[in-house]
1. Specify the residue that is farthest from the other protein chains (Cβ to nearest Cβ); the eligible residues are those in region A:272-290 that are under 13 Å from residue A:245 (Cα atoms) and buried (at least 24 other Cβ atoms within 10 Å of the Cβ).
2. Condition test on residue A:373, is it more than 10 Å from chain B (Cβ to nearest Cβ) and within 18 Å of the chain's Cα centre (by Cα)?
3. Testing residue B:369 on (1) over 26 Å from residue B:26 (Cβ atoms); (2) open to solvent by less than 20 Å² (accessible area, probe 1.4 Å); (3) part of a loop (DSSP other than H, G, I, E, B), one condition comes back false. Which one is that?
4. Is there a residue in region B:350-364 that is facing chain A (nearest Cβ under 10 Å), surrounded by 24 or more Cβ atoms within 10 Å (Cβ to Cβ), under 16 Å from the mean Cα position of the chain (by Cα) and not in a loop (DSSP other than H, G, I, E, B)?
5. Could you tell me which residue of region A:328-349 is nearest to the other protein chains (Cβ to nearest Cβ), considering only residues that are more than 17 Å from residue A:146 (Cβ to Cβ) and not polar (S, T, N, Q)?
6. Of these, B:75, B:93, which one is within 14 Å of chain A (Cβ to nearest Cβ), closer than 23 Å to residue B:380 by Cα, open to solvent by 30 Å² or more (accessible area, probe 1.4 Å) and at pLDDT 95 or above?
7. Of all residues in region B:1-46 being at pLDDT 95 or above and among the charged types (D, E, K, R), which is farthest from residue B:318 (Cα to Cα)?
8. Name the pairs whose Cβ atoms lie under 6 Å apart, with the first residue in region A:98-115 and closer than 15 Å to residue B:350 by Cα, the second modelled with pLDDT of 75 or more and in a helix (DSSP H, G or I), and 6 or more positions between them or separate chains?
2 protein chains.
Amino acid sequence: MTDRAAGPGRLLVRDLAQLATPSGSGAPLRSPALGEVDVLEDAYLLAEDGLIVEVGRMADLGSVDGEVEEIDGHGMSAIPGLVDCHTHACFAGDRVAEFTLRAGGASYEDLHSAGSGILATVGATRAAGEAGLTEAVRRHRGWMLRSGTTTFEAKSGYGLDRETELASLRAIEQEGGIPTWLGAHAVPPEFDDAGAYLDFAIEDVLPEAARLAEAADVFLERGAFGAGQARRYLEACRDAGLKLRLHGDQFTESGAVPLAIEIGARSVDHLEATGDDGIRALAASDVVGVLLPASALFLARPMPPARALVDAGAAVALATDFNPGSAFCESLPLVCSLACTQLRLTPSEALSACTINAASVLGRADRKGRLAPGYEADIVLLDASDWRYLAYHLGGSVVAAVVQGGRVTWRR
Amino acid sequence: MTDRAAGPGRLLVRDLAQLATPSGSGAPLRSPALGEVDVLEDAYLLAEDGLIVEVGRMADLGSVDGEVEEIDGHGMSAIPGLVDCHTHACFAGDRVAEFTLRAGGASYEDLHSAGSGILATVGATRAAGEAGLTEAVRRHRGWMLRSGTTTFEAKSGYGLDRETELASLRAIEQEGGIPTWLGAHAVPPEFDDAGAYLDFAIEDVLPEAARLAEAADVFLERGAFGAGQARRYLEACRDAGLKLRLHGDQFTESGAVPLAIEIGARSVDHLEATGDDGIRALAASDVVGVLLPASALFLARPMPPARALVDAGAAVALATDFNPGSAFCESLPLVCSLACTQLRLTPSEALSACTINAASVLGRADRKGRLAPGYEADIVLLDASDWRYLAYHLGGSVVAAVVQGGRVTWRR
């Protein structure tokens, strides 16, 4: 006999007012499938050994024999655990002073070029040490969990030296995050130019970063890295076995979309400045467009052309961009509210975008992002009998409980 | 000897990283005083019998003899309990279906004139009964408390018949809210025109509403009530002893600002469409401009000209506008984030606007909205060592605990 005491065993969530999940199979979803959510009323979900084994209506629930943990879902609705596919959760310090200056009229780009901005966080992050960074990721992960995030990606990129970049990737992995090496986030002060820094990053950091991270990312933007530099960095990362992602078109349209497509990136993220050609090209490609409306709100910048992307047939995901400078926001429910009020997405499109499509960006759409048999039992229970409160209840604390791998990991 | 067991006794909040309060005395504050917040580091607060008796630095804390409840404020900051001076918290049902339609492209005004909108909530509210409404206000009050709101105003206005309007005012008072009679919110379906409805409201509802409410409010807007009708309603309410407020300039500039000034209203609320003349007039008056950025966000409408109002010298407050149709948002911390990112207010201006200035709109600035001796011991403890996280932590659950009248009433 196997000792099962340590395993998650069986979990039955019963009497749910609603159970809502992106429908169909496969990923990433595009319109119209993107907006098709299956809703079961008076529903249950049964999980075993961390996986979903059944979902259905209470009327069809057979007898469940043996030991099983039960959750009473009366008055609640269940959605898949939220997947945050774009965060910068590994940082020390904060940028509340900069936030205050910006409220008083300074622009993000002004502050960035004045050595405030990202480099301020680089200083604090380098000083924190690996234990401090692990503790920071743990704290941020706890915040995310309260907001219903059960799977998160996090990027390095506030170290920009070998030791801190690698420590960041280890800290993220240690705290259950999916690590992305954002070696090309900014040029650190000890380098005179981006080219020399990239030489160092590729030669001295990449070999070990490629063992720790799943993907690589680059900030392709005026004042950061140009398209040629981004290509060189990404090609080296691809050759080292990493999946590829890009920050692109946040402030200016700088060639990120064509580069992402040509190089076979999993995603291109931001897209606030993407024009019609970029929309058409992205829609015709396999690259997912990751939309970050909390960042646009935080910086009072234009929102990305989400409706146009979806209508053109692009696969889109939603993420928080959680970071201390341009989006101090870990809440995917708030991002869903912004998606429906600012991006003109429907609640169903928003749900698919931060579950199954976000899981697709992270290469996990076969096991995360749906409430269906065979998927991991990552579940958010909402304190509302209509699942659309996820987006409707703006800034509300809608999350009542969170299940990860068949275990309750947070409860209000 | 008096039996003190039932009283709040003494409370000491010690070792606070920061204690932040609007400075000075008097209210409402205007710029520059609006943006002046006193911050004490390594601070304490002592309350007795529900009132603040001392605030100071830990180094100056004398011995506190006798029975006293202590709260360890390590790593936390304290701000005054938040005051929400504009909510519609007395309603039944929701408008999540309408929210979904709007996300798909329908405008709020379209839905309003199609009989969705306010009148949908009127139907649900009339059907709820007084017990149902009391339960609804209790639930909403619980949500507000978790977000740090210790004092809230709530309006009737979803009854629009005698019985439901009066039941709404009683339900609000029963649950600790400050009731405002919004008798002129919309024209109910049983009346052919606004004039006939106002005749009814003034003759049949006002006499009793004036005993239950502190203030009266009107929705002065195209499709609701015009300036002449608003004047007639407000004058009757004033004659019955009520303080006056107005919803004005939300979609169109319709004379609300001059009317508010002429009639001596406490506030004019919304102001998204207010132009330069209105800004100048408001700044030269005693009327407080109540800004509702969550509503503008929820409806994807232009933000009110907050910076111009403050710079011109107007007294402004911030509120949620919590209601099921145009702002399903009870979070003043989110409103503060919007104030700093969308309205160009500083964190200090935002804090004053949703504490002391909001208390001023409710006629309570002598006892609510500051952390100072003689004020009621309503305190929000933030889970951050810098109080500005109130606005900086977008959508975050920053509230760690809430004290009302010297008693802890909520703790995370």
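The values are calculated or read from the model by the stated rules, or taken from the named source; none is laboratory data. Quantities reported herein were computed from a predicted structural model and do not represent experimental measurements. When we count neighbours, we look across all protein chains shown, and the Cβ atoms used for this are built from the backbone with ideal geometry, even at glycine. With ligands, DNA and RNA removed, areas are computed over all heavy atoms of the protein, side chains included. Shrake-Rupley method; radii C 1.70, N 1.55, O 1.52, S 1.80 Å.
1. Here is the first cut: in region A:272-290, the ones under 13 Å from residue A:245 (Cα atoms) are A:286-290.
Now restrict to residues that are buried (at least 24 other Cβ atoms within 10 Å of the Cβ): A:287-290.
On the way: A:287: 25, A:288: 21, A:289: 19, A:290: 18 Å.
Out of the qualifying residues, it is A:287.
2. no
3. Of (1) over 26 Å from residue B:26 (Cβ atoms); (2) open to solvent by less than 20 Å² (accessible area, probe 1.4 Å); (3) part of a loop (DSSP other than H, G, I, E, B), only one is false for residue B:369: (1).
4. Of all residues in region B:350-364, those facing chain A (nearest Cβ under 10 Å) come to B:350.
After this cut, where a residue has to be surrounded by 24 or more Cβ atoms within 10 Å (Cβ to Cβ) as well, the list is B:350.
With under 16 Å from the mean Cα position of the chain (by Cα) added as a condition, the list becomes B:350.
Keeping just the survivors that are not in a loop (DSSP other than H, G, I, E, B) gives B:350.
Checking region B:350-364: at least one residue is facing chain A (nearest Cβ under 10 Å), surrounded by 24 or more Cβ atoms within 10 Å (Cβ to Cβ), under 16 Å from the mean Cα position of the chain (by Cα) and not in a loop (DSSP other than H, G, I, E, B).
5. Restricting attention to region A:328-349, the residues satisfying the condition of being more than 17 Å from residue A:146 (Cβ to Cβ) are A:338-349.
Now restrict to residues that are not polar (S, T, N, Q): A:338-340, A:343-345, A:347, A:349.
On the way: A:338: 8, A:339: 8, A:340: 4, A:343: 9, A:344: 7, A:345: 7, A:347: 6, A:349: 8 Å.
Among them, the one singled out is A:340.
6. B:75
7. So, considering only residues that are at pLDDT 95 or above and among the charged types (D, E, K, R), the one farthest from residue B:318 (Cα to Cα) is B:10.
8. Correct list of pairs: A:99/B:392; A:100/B:347; A:103/B:340.
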